[in-house]
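What follows is one structure encoded as structure tokens, with my remarks underneath.
The values are calculated or read from the model by the stated rules, or taken from the named source; none is laboratory data. Computed from a predicted structure; not experimentally measured. As a convention, Cβ positions derive from the backbone with ideal geometry for all residues, glycine included, and neighbour counts pool all protein chains shown.
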Amino acid sequence: MRKALALPTIALAAAAFPLLGMSAASAADGGSYQADLGALNASGVTGTGMVTLDGNTATVTVEASGLLDGSPHAQHFHIGAEGTCPTDADDADDDGFVSVTEGAPYYGAIGSSLTTEGDTSPDSGLAIDRFPTTGTITYERTFEVTEDVHEAFDNGTAVLVLHGVDKDGSGAYDGDVMSDLDPSLPMEATAPAACGSFAAAQMGTTPAGGAETGGGSTAGMEQEAAFGIGAVALVGAAAAGAVAYRRRQADQA
Ligand SMILES: [Cu+2]
């Protein structure tokens, strides 16, 4: 597996010489991708994800509605599997939920965490203080993805997944079924609410290097402003997020 070891070196070189990376890679190595979200766990969620890659710089837009308002919604690029989504029939253990574990054979593991600020690696997969908390999500952020994420977009195995579903309609994440990811959390907090496979978007007659330059003007709309999430957010670890989550639940109780 010498090849795998070479990847970080390439990434480092690109980071050190961004202009070099642009000329070498991005002109021929970009693209736009769209995912139409379908509901999971009877969430009723609808929406769209858009990604434009310029080299490994991803400008990401997620618009979704029908989520539980006031509760965190982890959102990720999942990679490394079939590039497809499960259905509600894929509840293999018959606990009433399609869980993350049951969806993984279709959409794979976390490749990027679509956080509102800070780290976007899989390490932030459950950093719930840095995910949208609104019933209608309007997310836009530009960040660097890893080579394996870029490759997933290239080969059609990148999938957008939004998590957190109030399946029993109680107005909060609760219930007796606990999460397959963190047994201290209700299943409702982590179960997928919506899923969509990314496919290359039809760019029509857009000339190379043309209209896409508009991304720079909107990329500044960072999400801490949009969601009012302030200084809370240095927590990167999932454990810290879980603690914060329980604190929030306690506050609501
Ligand atoms: Cu996910």
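Worth a mention:
- From 82, 63, residue being of a type in the set (Asp, Glu), at pLDDT 95 or above, assigned to a loop (DSSP other than H, G, I, E, B) and under 17 Å from residue 197 (Cα atoms): 82
- For the stretch 39-60, the set of residues classified as assigned to a loop (DSSP other than H, G, I, E, B) and either within 16 Å of the ligand (Cβ to nearest atom) or within 18 Å of the chain's Cα centre (by Cα) (or both) consists of 40, 41, 43, 45, 56, listed by residue number.
- Positions within the stretch 108-126 being within 16 Å of the ligand (Cβ to nearest atom), touching a Lys or Arg at 6+ places or on another chain (Cβ under 7 Å), assigned to a loop (DSSP other than H, G, I, E, B) and small (Gly, Ala, Ser), in sequence order: none
- Test result for residue 140, of a type outside the set (Lys, Arg) and within 15 Å of residue 51 (Cα to Cα): yes
- Residue within the stretch 174-181 that is among the hydrophobic types (A, V, I, L, M, F, W, C), modelled with pLDDT under 95 and under 27 Å from residue 83 (Cα atoms) present: yes
- A residue that is over 18 Å from residue 179 (Cα atoms) and among the small types (Gly, Ala, Ser) occurs somewhere in the stretch 125-145.
- Top-ranked residue in the stretch 153-174 [being within 16 Å of the ligand (Cβ to nearest atom) and in a loop (DSSP other than H, G, I, E, B); ranked as farthest from the chain's Cα centre (by Cα)]: 173
- Exclusive hit being of a type in the set (Asp, Glu), within 16 Å of the ligand (Cβ to nearest atom) and more than 19 Å from residue 201 (Cα to Cα), set 90, 95, 129: 90
- Residue within the stretch 143-152 that is crowded, with 24+ Cβ neighbours inside 10 Å, more than 12 Å from the ligand (Cβ to nearest atom), more than 21 Å from residue 36 (Cβ to Cβ) and among the charged types (D, E, K, R) present: no
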